[in-house]
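These notes concern the structure reproduced below.
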Amino acid sequence: MPNFRYDNDMARHHYEMTRRTGGSSTFDVTDLNAEQAAAVLHTHGPLLVLAGAGSGKTKTLVYRLARLIHDGVDPKRILLLTFTRKASQEMMRRAAGVLDARCQQVMGGTFHSFCNMVLHQYAKHIEYPDGFTIMDRSDAENLMALIRKQGDYQKKDKRFPKKNTLLDIVSKSVNTNRSIEQVVMDDFPHFVDLTEDVMEIAKKYHIQKEALSLMDYDDLLVKMVHLLTHHHDIRDQLSRKYQYILVDEFQDTNHIQLAMLKGLVSTHQNLMVVGDDAQSIYSFRGADINNILTFEAMFDSVKTIRLTMNYRSTQPILDVSSDVINAAEDLYSKELLAAREGGEKPKFVEAFDDMEQADFVVDRLLGLREDGVLLTDMAVLFRSSSHSNQVELALTRANIPYKKFGGFKFTETAHVKDAMAYMKVMVNPHDELSWHRVFQLLDGVGPKLSQTIIDYQRAQQFNFSAM
(Lines give C-alpha, C1' and ligand atoms only; values in the text may rest on other atoms or scores of the structure.)
Protein backbone atom coordinates (compact mmCIF):
# COMPACT_ATOMS: atom_id res chain seq x y z
CA MET A 1 0.00 0.00 0.00
CA PRO A 2 1.59 3.33 -1.01
CA ASN A 3 2.05 5.77 1.83
CA PHE A 4 2.27 8.92 -0.30
CA ARG A 5 5.30 10.21 1.64
CA TYR A 6 7.70 12.56 -0.09
CA ASP A 7 10.08 9.79 -1.23
CA ASN A 8 11.11 11.19 -4.64
CA ASP A 9 12.36 14.59 -5.70
CA MET A 10 9.20 16.26 -4.41
CA ALA A 11 9.35 14.11 -1.29
CA ARG A 12 12.76 15.43 -0.33
CA HIS A 13 11.67 19.01 -0.80
CA HIS A 14 12.26 21.24 2.20
CA TYR A 15 10.30 24.43 2.23
CA GLU A 16 12.92 27.18 2.29
CA MET A 17 12.04 30.23 4.36
CA THR A 18 13.96 33.47 4.36
CA ARG A 19 11.61 35.77 6.27
CA ARG A 20 11.96 34.21 9.70
CA THR A 21 13.73 36.36 12.28
CA GLY A 22 17.37 35.45 12.38
CA GLY A 23 17.84 34.64 8.72
CA SER A 24 17.02 31.77 6.40
CA SER A 25 16.00 28.36 7.69
CA THR A 26 14.34 25.20 6.48
CA PHE A 27 10.78 24.17 7.25
CA ASP A 28 10.69 20.37 7.01
CA VAL A 29 7.59 18.84 5.41
CA THR A 30 9.00 15.35 4.87
CA ASP A 31 6.91 14.08 7.79
CA LEU A 32 3.77 14.83 5.78
CA ASN A 33 2.19 12.94 2.92
CA ALA A 34 1.70 14.69 -0.42
CA GLU A 35 -1.88 15.77 0.29
CA GLN A 36 -1.05 17.15 3.75
CA ALA A 37 1.98 19.00 2.42
CA ALA A 38 -0.07 20.63 -0.34
CA ALA A 39 -2.42 22.05 2.29
CA VAL A 40 0.43 23.16 4.55
CA LEU A 41 2.27 24.92 1.73
CA HIS A 42 -0.84 26.75 0.49
CA THR A 43 -0.22 30.47 0.67
CA HIS A 44 -3.09 32.88 0.03
CA GLY A 45 -6.79 32.57 -0.72
CA PRO A 46 -9.56 30.21 0.38
CA LEU A 47 -8.60 26.59 1.08
CA LEU A 48 -10.99 23.67 1.61
CA VAL A 49 -9.42 20.57 3.15
CA LEU A 50 -11.71 17.54 3.01
CA ALA A 51 -10.25 15.38 5.75
CA GLY A 52 -11.42 11.80 5.80
CA ALA A 53 -11.59 9.98 9.12
CA GLY A 54 -8.16 9.41 10.70
CA SER A 55 -6.38 11.24 7.89
CA GLY A 56 -4.26 13.53 10.06
CA LYS A 57 -6.31 16.71 9.78
CA THR A 58 -5.06 18.01 13.13
CA LYS A 59 -1.48 17.43 12.05
CA THR A 60 -2.18 19.33 8.84
CA LEU A 61 -3.64 22.29 10.75
CA VAL A 62 -0.73 22.25 13.19
CA TYR A 63 1.90 22.27 10.44
CA ARG A 64 0.18 25.01 8.45
CA LEU A 65 -0.03 27.12 11.59
CA ALA A 66 3.67 26.62 12.18
CA ARG A 67 4.50 27.20 8.50
CA LEU A 68 2.68 30.54 8.41
CA ILE A 69 4.57 31.80 11.43
CA HIS A 70 7.83 30.42 10.07
CA ASP A 71 7.06 32.30 6.85
CA GLY A 72 7.01 35.58 8.76
CA VAL A 73 3.31 35.98 9.63
CA ASP A 74 2.80 37.62 13.01
CA PRO A 75 1.18 34.91 15.20
CA LYS A 76 -1.20 37.52 16.61
CA ARG A 77 -2.54 37.98 13.06
CA ILE A 78 -3.68 34.33 12.92
CA LEU A 79 -7.07 33.22 14.21
CA LEU A 80 -7.59 29.51 14.95
CA LEU A 81 -11.23 28.57 15.56
CA THR A 82 -12.16 25.16 16.98
CA PHE A 83 -15.17 23.68 18.74
CA THR A 84 -13.43 23.15 22.09
CA ARG A 85 -10.87 25.24 23.95
CA LYS A 86 -8.85 22.09 24.60
CA ALA A 87 -8.53 21.41 20.86
CA SER A 88 -7.12 24.86 20.09
CA GLN A 89 -4.68 24.73 23.00
CA GLU A 90 -3.47 21.29 21.93
CA MET A 91 -2.93 22.47 18.34
CA MET A 92 -0.94 25.50 19.46
CA ARG A 93 1.13 23.33 21.82
CA ARG A 94 1.91 20.89 19.03
CA ALA A 95 2.72 23.72 16.62
CA ALA A 96 5.16 25.09 19.18
CA GLY A 97 6.83 21.67 19.19
CA VAL A 98 7.13 21.81 15.40
CA LEU A 99 8.45 25.40 15.36
CA ASP A 100 8.79 27.37 18.60
CA ALA A 101 6.86 29.16 21.36
CA ARG A 102 5.61 31.85 18.99
CA CYS A 103 2.87 29.45 17.94
CA GLN A 104 1.24 29.83 21.35
CA GLN A 105 0.71 33.54 20.70
CA VAL A 106 -1.94 32.73 18.09
CA MET A 107 -5.49 33.84 18.84
CA GLY A 108 -6.98 30.39 19.33
CA GLY A 109 -10.26 29.26 20.83
CA THR A 110 -13.90 28.49 20.17
CA PHE A 111 -16.25 30.62 18.10
CA HIS A 112 -18.04 31.62 21.27
CA SER A 113 -14.92 32.58 23.23
CA PHE A 114 -13.65 34.70 20.33
CA CYS A 115 -17.02 36.45 20.04
CA ASN A 116 -17.07 37.02 23.79
CA MET A 117 -13.69 38.75 23.64
CA VAL A 118 -14.61 40.95 20.67
CA LEU A 119 -18.06 41.88 21.98
CA HIS A 120 -16.70 42.99 25.34
CA GLN A 121 -14.34 45.25 23.42
CA TYR A 122 -17.11 46.72 21.24
CA ALA A 123 -20.06 46.34 23.64
CA LYS A 124 -21.32 49.89 23.18
CA HIS A 125 -21.80 49.26 19.46
CA ILE A 126 -24.33 46.53 20.22
CA GLU A 127 -25.95 48.58 23.01
CA TYR A 128 -24.67 46.38 25.82
CA PRO A 129 -22.55 47.38 28.85
CA ASP A 130 -18.98 46.11 28.66
CA GLY A 131 -19.59 44.25 31.94
CA PHE A 132 -22.25 41.93 30.52
CA THR A 133 -22.11 38.32 31.69
CA ILE A 134 -22.65 35.01 29.89
CA MET A 135 -25.27 32.43 30.76
CA ASP A 136 -24.45 28.78 30.28
CA ARG A 137 -27.13 26.24 29.43
CA SER A 138 -28.23 25.80 33.05
CA ASP A 139 -28.43 29.56 33.63
CA ALA A 140 -30.51 30.01 30.49
CA GLU A 141 -32.89 27.26 31.57
CA ASN A 142 -33.29 28.90 34.98
CA LEU A 143 -34.17 32.23 33.36
CA MET A 144 -36.67 30.45 31.13
CA ALA A 145 -38.17 28.78 34.20
CA LEU A 146 -38.62 32.16 35.92
CA ILE A 147 -40.41 33.59 32.88
CA ARG A 148 -42.54 30.46 32.60
CA LYS A 149 -43.54 30.68 36.25
CA GLN A 150 -44.19 34.43 36.29
CA GLY A 151 -46.71 34.04 33.47
CA ASP A 152 -48.45 31.03 35.07
CA TYR A 153 -48.21 29.24 31.73
CA GLN A 154 -47.87 25.86 33.44
CA LYS A 155 -51.36 26.22 34.95
CA LYS A 156 -53.06 25.95 31.59
CA ASP A 157 -55.27 22.99 30.83
CA LYS A 158 -52.80 21.46 28.39
CA ARG A 159 -49.36 20.12 29.20
CA PHE A 160 -46.91 22.99 28.74
CA PRO A 161 -43.29 22.66 27.52
CA LYS A 162 -40.67 22.49 30.26
CA LYS A 163 -37.87 25.03 30.57
CA ASN A 164 -35.33 22.94 28.64
CA THR A 165 -37.80 22.34 25.81
CA LEU A 166 -38.60 26.05 25.58
CA LEU A 167 -34.91 26.85 25.41
CA ASP A 168 -34.41 24.21 22.70
CA ILE A 169 -37.16 25.84 20.63
CA VAL A 170 -35.65 29.31 20.96
CA SER A 171 -32.12 28.07 20.25
CA LYS A 172 -33.19 26.06 17.20
CA SER A 173 -34.98 29.10 15.85
CA VAL A 174 -31.77 31.13 16.09
CA ASN A 175 -29.35 28.48 14.83
CA THR A 176 -31.43 27.18 11.94
CA ASN A 177 -32.76 30.57 10.80
CA ARG A 178 -36.39 29.49 11.25
CA SER A 179 -39.25 31.23 13.01
CA ILE A 180 -40.54 30.01 16.36
CA GLU A 181 -43.74 28.92 14.62
CA GLN A 182 -41.80 26.85 12.07
CA VAL A 183 -39.63 25.18 14.71
CA VAL A 184 -42.66 24.22 16.78
CA MET A 185 -44.46 22.90 13.71
CA ASP A 186 -41.45 20.93 12.41
CA ASP A 187 -39.83 19.64 15.60
CA PHE A 188 -42.40 19.95 18.39
CA PRO A 189 -45.77 19.35 16.69
CA HIS A 190 -47.38 18.20 19.96
CA PHE A 191 -47.11 21.82 21.16
CA VAL A 192 -48.59 23.46 18.05
CA ASP A 193 -51.68 24.60 19.95
CA LEU A 194 -49.40 26.49 22.37
CA THR A 195 -47.39 28.28 19.67
CA GLU A 196 -48.58 31.77 20.66
CA ASP A 197 -47.61 31.20 24.30
CA VAL A 198 -44.19 29.89 23.25
CA MET A 199 -43.67 32.94 21.04
CA GLU A 200 -44.60 35.21 23.93
CA ILE A 201 -42.15 33.46 26.26
CA ALA A 202 -39.39 33.66 23.62
CA LYS A 203 -39.97 37.41 23.32
CA LYS A 204 -39.87 37.87 27.10
CA TYR A 205 -36.72 35.75 27.26
CA HIS A 206 -34.88 38.05 24.83
CA ILE A 207 -36.17 41.18 26.61
CA GLN A 208 -35.10 39.87 30.02
CA LYS A 209 -31.60 39.03 28.80
CA GLU A 210 -31.00 42.55 27.54
CA ALA A 211 -32.56 44.11 30.64
CA LEU A 212 -30.24 42.07 32.89
CA SER A 213 -27.13 42.57 30.70
CA LEU A 214 -26.96 38.86 29.97
CA MET A 215 -26.17 36.85 26.85
CA ASP A 216 -26.56 33.16 26.16
CA TYR A 217 -24.22 31.27 23.83
CA ASP A 218 -26.42 31.91 20.79
CA ASP A 219 -26.38 35.66 21.49
CA LEU A 220 -22.59 35.71 21.23
CA LEU A 221 -22.76 34.57 17.61
CA VAL A 222 -25.80 36.67 16.69
CA LYS A 223 -24.42 39.88 18.20
CA MET A 224 -21.05 39.25 16.54
CA VAL A 225 -22.67 38.98 13.10
CA HIS A 226 -24.72 42.08 13.88
CA LEU A 227 -21.52 43.96 14.72
CA LEU A 228 -19.80 42.85 11.51
CA THR A 229 -22.86 43.58 9.37
CA HIS A 230 -23.79 47.01 10.71
CA HIS A 231 -20.33 48.41 11.49
CA HIS A 232 -18.18 47.99 8.39
CA ASP A 233 -15.32 49.95 9.93
CA ILE A 234 -15.07 47.44 12.78
CA ARG A 235 -15.50 44.54 10.36
CA ASP A 236 -12.61 45.77 8.20
CA GLN A 237 -10.49 46.47 11.27
CA LEU A 238 -10.96 42.91 12.55
CA SER A 239 -10.42 41.48 9.09
CA ARG A 240 -7.13 43.33 8.68
CA LYS A 241 -6.08 42.28 12.17
CA TYR A 242 -6.60 38.56 11.52
CA GLN A 243 -4.89 38.01 8.18
CA TYR A 244 -5.23 34.22 8.25
CA ILE A 245 -8.18 32.29 9.67
CA LEU A 246 -8.10 28.53 10.22
CA VAL A 247 -11.28 26.61 11.11
CA ASP A 248 -11.53 23.04 12.36
CA GLU A 249 -14.62 20.77 12.04
CA PHE A 250 -16.16 23.09 9.46
CA GLN A 251 -18.93 20.58 8.71
CA ASP A 252 -20.43 21.38 12.13
CA THR A 253 -20.77 25.15 11.61
CA ASN A 254 -24.16 26.82 11.24
CA HIS A 255 -25.38 29.71 9.12
CA ILE A 256 -24.47 32.30 11.79
CA GLN A 257 -20.89 31.07 12.10
CA LEU A 258 -20.56 31.09 8.32
CA ALA A 259 -21.78 34.71 8.17
CA MET A 260 -19.25 35.59 10.86
CA LEU A 261 -16.39 33.99 8.88
CA LYS A 262 -17.38 35.80 5.70
CA GLY A 263 -17.20 39.10 7.55
CA LEU A 264 -13.83 38.33 9.11
CA VAL A 265 -12.20 37.45 5.76
CA SER A 266 -13.81 40.32 3.84
CA THR A 267 -10.48 42.08 3.18
CA HIS A 268 -8.28 39.09 2.30
CA GLN A 269 -10.18 35.75 1.78
CA ASN A 270 -7.38 33.85 3.56
CA LEU A 271 -9.72 31.25 5.03
CA MET A 272 -8.69 27.62 5.56
CA VAL A 273 -11.50 25.28 6.58
CA VAL A 274 -10.99 21.64 7.47
CA GLY A 275 -13.81 19.14 7.76
CA ASP A 276 -15.51 16.03 6.49
CA ASP A 277 -19.02 16.18 5.08
CA ALA A 278 -19.43 12.48 5.94
CA GLN A 279 -18.94 13.25 9.64
CA SER A 280 -21.62 15.93 9.94
CA ILE A 281 -23.93 14.71 12.72
CA TYR A 282 -25.02 17.88 14.50
CA SER A 283 -27.88 19.10 12.31
CA PHE A 284 -30.11 18.89 15.38
CA ARG A 285 -27.96 21.66 16.90
CA GLY A 286 -28.23 23.83 13.83
CA ALA A 287 -25.14 22.65 11.96
CA ASP A 288 -25.64 23.14 8.22
CA ILE A 289 -23.83 20.63 6.01
CA ASN A 290 -24.35 22.97 3.05
CA ASN A 291 -21.62 25.19 4.52
CA ILE A 292 -19.01 22.65 3.47
CA LEU A 293 -20.85 21.30 0.41
CA THR A 294 -21.17 24.76 -1.17
CA PHE A 295 -17.88 26.25 0.07
CA GLU A 296 -16.33 26.15 -3.41
CA ALA A 297 -19.18 28.28 -4.74
CA MET A 298 -18.99 30.86 -1.93
CA PHE A 299 -15.49 32.12 -2.65
CA ASP A 300 -13.40 32.77 -5.74
CA SER A 301 -10.48 30.51 -6.69
CA VAL A 302 -10.98 27.97 -3.91
CA LYS A 303 -8.27 25.33 -3.66
CA THR A 304 -9.67 21.95 -2.59
CA ILE A 305 -7.47 19.20 -1.15
CA ARG A 306 -8.64 15.75 -0.11
CA LEU A 307 -6.86 13.93 2.72
CA THR A 308 -7.55 10.29 1.90
CA MET A 309 -4.74 8.40 3.64
CA ASN A 310 -6.13 6.90 6.87
CA TYR A 311 -3.69 6.27 9.72
CA ARG A 312 -6.18 4.96 12.27
CA SER A 313 -7.96 1.98 10.75
CA THR A 314 -7.24 -0.98 8.51
CA GLN A 315 -8.48 -1.38 4.95
CA PRO A 316 -11.29 -3.85 5.73
CA ILE A 317 -12.82 -1.36 8.18
CA LEU A 318 -12.43 1.49 5.69
CA ASP A 319 -14.04 -0.56 2.93
CA VAL A 320 -17.15 -1.16 5.05
CA SER A 321 -17.41 2.48 6.09
CA SER A 322 -16.90 3.67 2.51
CA ASP A 323 -19.69 1.40 1.26
CA VAL A 324 -22.05 2.89 3.86
CA ILE A 325 -21.03 6.51 3.29
CA ASN A 326 -20.95 6.37 -0.51
CA ALA A 327 -24.62 5.38 -0.52
CA ALA A 328 -25.48 8.88 0.72
CA GLU A 329 -26.34 11.62 -1.74
CA ASP A 330 -24.76 15.07 -2.14
CA LEU A 331 -21.41 14.20 -0.59
CA TYR A 332 -17.88 14.76 -1.87
CA SER A 333 -16.45 11.59 -3.40
CA LYS A 334 -13.37 10.21 -1.71
CA GLU A 335 -11.82 6.79 -1.29
CA LEU A 336 -9.94 6.23 1.97
CA LEU A 337 -6.75 4.18 1.86
CA ALA A 338 -5.20 2.59 4.93
CA ALA A 339 -1.59 3.19 5.89
CA ARG A 340 -1.77 0.13 8.15
CA GLU A 341 -1.76 -3.35 6.67
CA GLY A 342 -3.81 -6.40 7.61
CA GLY A 343 -6.74 -6.42 10.00
CA GLU A 344 -9.88 -8.50 10.39
CA LYS A 345 -13.13 -7.73 8.67
CA PRO A 346 -15.66 -5.95 10.92
CA LYS A 347 -18.49 -8.11 12.25
CA PHE A 348 -22.09 -7.00 12.45
CA VAL A 349 -24.21 -8.61 15.18
CA GLU A 350 -27.94 -8.00 15.29
CA ALA A 351 -29.39 -8.34 18.81
CA PHE A 352 -33.05 -8.78 19.76
CA ASP A 353 -32.94 -6.09 22.45
CA ASP A 354 -30.55 -4.14 24.72
CA MET A 355 -30.28 -7.03 27.17
CA GLU A 356 -29.26 -9.53 24.51
CA GLN A 357 -26.78 -6.99 23.16
CA ALA A 358 -25.27 -6.51 26.64
CA ASP A 359 -24.97 -10.27 27.17
CA PHE A 360 -23.20 -10.63 23.82
CA VAL A 361 -20.73 -7.89 24.72
CA VAL A 362 -19.94 -9.53 28.07
CA ASP A 363 -19.51 -12.96 26.48
CA ARG A 364 -17.16 -11.46 23.92
CA LEU A 365 -15.10 -9.73 26.62
CA LEU A 366 -14.82 -12.95 28.63
CA GLY A 367 -13.80 -14.86 25.52
CA LEU A 368 -11.06 -12.35 24.72
CA ARG A 369 -9.79 -12.54 28.30
CA GLU A 370 -9.53 -16.35 28.05
CA ASP A 371 -7.53 -15.83 24.86
CA GLY A 372 -5.02 -13.80 26.86
CA VAL A 373 -6.21 -10.27 26.11
CA LEU A 374 -6.02 -7.97 29.14
CA LEU A 375 -9.20 -6.27 30.29
CA THR A 376 -7.32 -2.97 30.17
CA ASP A 377 -6.85 -3.51 26.43
CA MET A 378 -10.61 -3.75 25.80
CA ALA A 379 -13.12 -0.96 25.32
CA VAL A 380 -16.86 -0.73 24.69
CA LEU A 381 -17.98 2.36 22.79
CA PHE A 382 -21.44 3.93 22.96
CA ARG A 383 -23.26 6.53 20.91
CA SER A 384 -24.44 8.10 24.18
CA SER A 385 -23.57 7.60 27.83
CA SER A 386 -27.19 6.74 28.60
CA HIS A 387 -26.95 3.68 26.32
CA SER A 388 -24.49 1.96 28.66
CA ASN A 389 -26.96 1.04 31.41
CA GLN A 390 -27.64 -2.56 30.36
CA VAL A 391 -23.97 -3.28 29.67
CA GLU A 392 -22.99 -1.88 33.07
CA LEU A 393 -25.51 -4.19 34.75
CA ALA A 394 -24.25 -7.17 32.73
CA LEU A 395 -20.63 -6.38 33.61
CA THR A 396 -21.51 -6.16 37.28
CA ARG A 397 -23.34 -9.52 37.19
CA ALA A 398 -20.27 -11.08 35.55
CA ASN A 399 -17.92 -9.51 38.15
CA ILE A 400 -15.97 -7.72 35.42
CA PRO A 401 -14.34 -4.50 36.71
CA TYR A 402 -14.70 -1.47 34.44
CA LYS A 403 -14.24 2.27 34.26
CA LYS A 404 -16.85 4.52 32.72
CA PHE A 405 -15.81 7.75 31.04
CA GLY A 406 -18.41 10.48 30.64
CA GLY A 407 -20.90 12.51 32.67
CA PHE A 408 -21.19 16.12 33.72
CA LYS A 409 -18.55 18.61 32.73
CA PHE A 410 -16.65 20.20 35.59
CA THR A 411 -18.12 23.63 34.95
CA GLU A 412 -21.64 22.20 34.97
CA THR A 413 -21.44 20.67 38.42
CA ALA A 414 -23.56 22.38 41.06
CA HIS A 415 -20.77 23.46 43.42
CA VAL A 416 -18.79 25.13 40.61
CA LYS A 417 -21.87 26.95 39.34
CA ASP A 418 -22.56 28.13 42.91
CA ALA A 419 -19.07 29.64 43.16
CA MET A 420 -19.40 31.19 39.70
CA ALA A 421 -22.69 32.84 40.72
CA TYR A 422 -20.90 34.79 43.47
CA MET A 423 -18.27 36.01 41.00
CA LYS A 424 -20.84 36.92 38.35
CA VAL A 425 -22.82 39.24 40.65
CA MET A 426 -19.59 40.99 41.62
CA VAL A 427 -18.88 41.71 37.94
CA ASN A 428 -22.49 42.37 36.93
CA PRO A 429 -24.69 43.35 39.93
CA HIS A 430 -27.74 43.37 37.63
CA ASP A 431 -27.41 39.63 36.95
CA GLU A 432 -30.59 38.65 38.77
CA LEU A 433 -30.31 35.05 37.62
CA SER A 434 -27.07 34.63 39.55
CA TRP A 435 -28.56 36.45 42.55
CA HIS A 436 -31.34 33.83 42.60
CA ARG A 437 -28.73 31.08 42.81
CA VAL A 438 -26.76 32.89 45.54
CA PHE A 439 -29.77 33.59 47.75
CA GLN A 440 -31.20 30.10 47.45
CA LEU A 441 -27.97 28.70 48.88
CA LEU A 442 -29.04 30.25 52.18
CA ASP A 443 -31.09 28.16 54.60
CA GLY A 444 -34.77 29.02 54.50
CA VAL A 445 -34.57 30.98 51.24
CA GLY A 446 -36.65 29.66 48.37
CA PRO A 447 -37.65 31.10 44.98
CA LYS A 448 -40.34 33.38 46.44
CA LEU A 449 -38.19 34.98 49.14
CA SER A 450 -35.30 35.20 46.69
CA GLN A 451 -37.50 37.18 44.30
CA THR A 452 -38.59 39.49 47.15
CA ILE A 453 -34.96 40.25 48.00
CA ILE A 454 -34.12 40.88 44.36
CA ASP A 455 -37.10 43.22 44.00
CA TYR A 456 -35.72 45.21 46.94
CA GLN A 457 -32.24 45.21 45.39
CA ARG A 458 -33.65 46.46 42.13
CA ALA A 459 -35.35 49.32 43.95
CA GLN A 460 -31.97 50.17 45.48
CA GLN A 461 -30.37 49.92 42.00
CA PHE A 462 -28.23 47.03 43.21
CA ASN A 463 -26.18 49.32 45.43
CA PHE A 464 -23.98 47.07 47.58
CA SER A 465 -23.65 49.74 50.25
CA ALA A 466 -27.42 49.69 50.76
CA MET A 467 -27.46 45.97 51.55
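For the stretch 334-350, a residue qualifies if it is in contact with a helix residue (DSSP H, G or I) (Cβ under 7 Å, 6 or more places away or on another chain) and of a type in the set (A, V, I, L, M, F, W, C), and the qualifying residues are L336, A338, V349. Go through the residues of the stretch 164-185 one by one and say whether even a single one is open to solvent by 40 Å² or more (accessible area, probe 1.4 Å), farther than 30 Å from H120 by Cβ, out of contact with any Pro (no Cβ under 7 Å at 6 or more places or on another chain) and at pLDDT below 95. Checked the stretch 164-185: no residue is open to solvent by 40 Å² or more (accessible area, probe 1.4 Å), farther than 30 Å from H120 by Cβ, out of contact with any Pro (no Cβ under 7 Å at 6 or more places or on another chain) and at pLDDT below 95. Anything in the stretch 313-365 that is open to solvent by less than 50 Å² (accessible area, probe 1.4 Å), under 24 Å from Y402 (Cα atoms) and touching a residue at least 12 places away in the same chain (Cβ under 8 Å)? List them, or say none. Of everything in the stretch 313-365, those that are open to solvent by less than 50 Å² (accessible area, probe 1.4 Å), under 24 Å from Y402 (Cα atoms) and touching a residue at least 12 places away in the same chain (Cβ under 8 Å) turn out to be A358, V361, V362, L365.
Report every pair of residues separated by at least 6 positions or lying on different chains whose Cβ atoms are under 8 Å apart, first residue within the stretch 98-112 and touching a residue at least 40 places away in the same chain (Cβ under 8 Å), second open to solvent by 40 Å² or more (accessible area, probe 1.4 Å). Once the first residue is touching a residue at least 40 places away in the same chain (Cβ under 8 Å) and sits in the stretch 98-112, its partners that are open to solvent by 40 Å² or more (accessible area, probe 1.4 Å) give V106/K76; M107/K76; F111/F83; H112/Y217. Just one residue in the set R67, R93 is surrounded by fewer than 21 Cβ atoms within 10 Å (Cβ to Cβ) and either farther than 22 Å from D277 by Cβ or modelled with pLDDT under 95 (or both); that residue is R93. Residues of the stretch 403-423 that are at pLDDT below 90 and either loosely packed, with under 12 Cβ neighbours inside 10 Å or part of a loop (DSSP other than H, G, I, E, B) (or both): K403, K404, F405, G406, G407, F408, K409, F410, T411, T413, A414, H415. Does the stretch 122-129 contain at least one residue that is of a type in the set (S, T, Y), closer than 16 Å to R285 by Cα, open to solvent by less than 70 Å² (accessible area, probe 1.4 Å) and out of contact with any Ser or Thr (no Cβ under 7 Å at 6 or more places or on another chain)? Within the stretch 122-129 (the criterion being of a type in the set (S, T, Y), closer than 16 Å to R285 by Cα, open to solvent by less than 70 Å² (accessible area, probe 1.4 Å) and out of contact with any Ser or Thr (no Cβ under 7 Å at 6 or more places or on another chain)), the answer is no, since none of the residues qualifies. Take A297 and tell me if it is surrounded by fewer than 19 Cβ atoms within 10 Å (Cβ to Cβ), among the aliphatic types (A, V, I, L, M) and farther than 12 Å from A51 by Cβ. For A297, the condition - surrounded by fewer than 19 Cβ atoms within 10 Å (Cβ to Cβ), among the aliphatic types (A, V, I, L, M) and farther than 12 Å from A51 by Cβ - is met. Within the stretch 264-279, if we keep just the residues that are closer than 30 Å to G343 by Cα and buried (at least 21 other Cβ atoms within 10 Å of the Cβ), the residue that is farthest from the chain's Cα centre (by Cα) turns out to be A278.
Per the conditions (1) surrounded by 15 or more Cβ atoms within 10 Å (Cβ to Cβ); (2) more than 23 Å from the chain's Cα centre (by Cα); (3) touching a residue at least 24 places away in the same chain (Cβ under 8 Å), the sole criterion not satisfied by L119 is (2).
Here is a list of conditions, (1) within 22 Å of G109 (Cβ to Cβ); (2) open to solvent by less than 60 Å² (accessible area, probe 1.4 Å); (3) modelled with pLDDT of 95 or more, and K241 meets all of them except one; can you say which number that is? Against the list (1) within 22 Å of G109 (Cβ to Cβ); (2) open to solvent by less than 60 Å² (accessible area, probe 1.4 Å); (3) modelled with pLDDT of 95 or more, K241 comes up short only on (2). Might you let me know whether the stretch 290-307 holds any residue that is under 30 Å from S171 (Cα atoms), in a loop (DSSP other than H, G, I, E, B) and not hydrophobic (A, V, I, L, M, F, W, C)? Taking every residue of the stretch 290-307 in turn, at least one turns out to be under 30 Å from S171 (Cα atoms), in a loop (DSSP other than H, G, I, E, B) and not hydrophobic (A, V, I, L, M, F, W, C). Applying the set (1) without any contact (Cβ under 8 Å) to a residue 60 or more places away in the chain; (2) open to solvent by less than 30 Å² (accessible area, probe 1.4 Å); (3) of a type outside the set (G, A, S) to Y282 leaves exactly one unmet item: (2).
The values are calculated or read from the model by the stated rules, or taken from the named source; none is laboratory data. Keep in mind it's a predicted model, so treat the numbers as computed, not measured. So basically every Cβ, Gly included, is an ideal-geometry build from the backbone, and we count neighbours across all protein chains shown. Side chains are part of the model used for accessible areas, which takes the heavy atoms of the whole protein and leaves out ligands, DNA and RNA. Shrake-Rupley method; radii C 1.70, N 1.55, O 1.52, S 1.80 Å.
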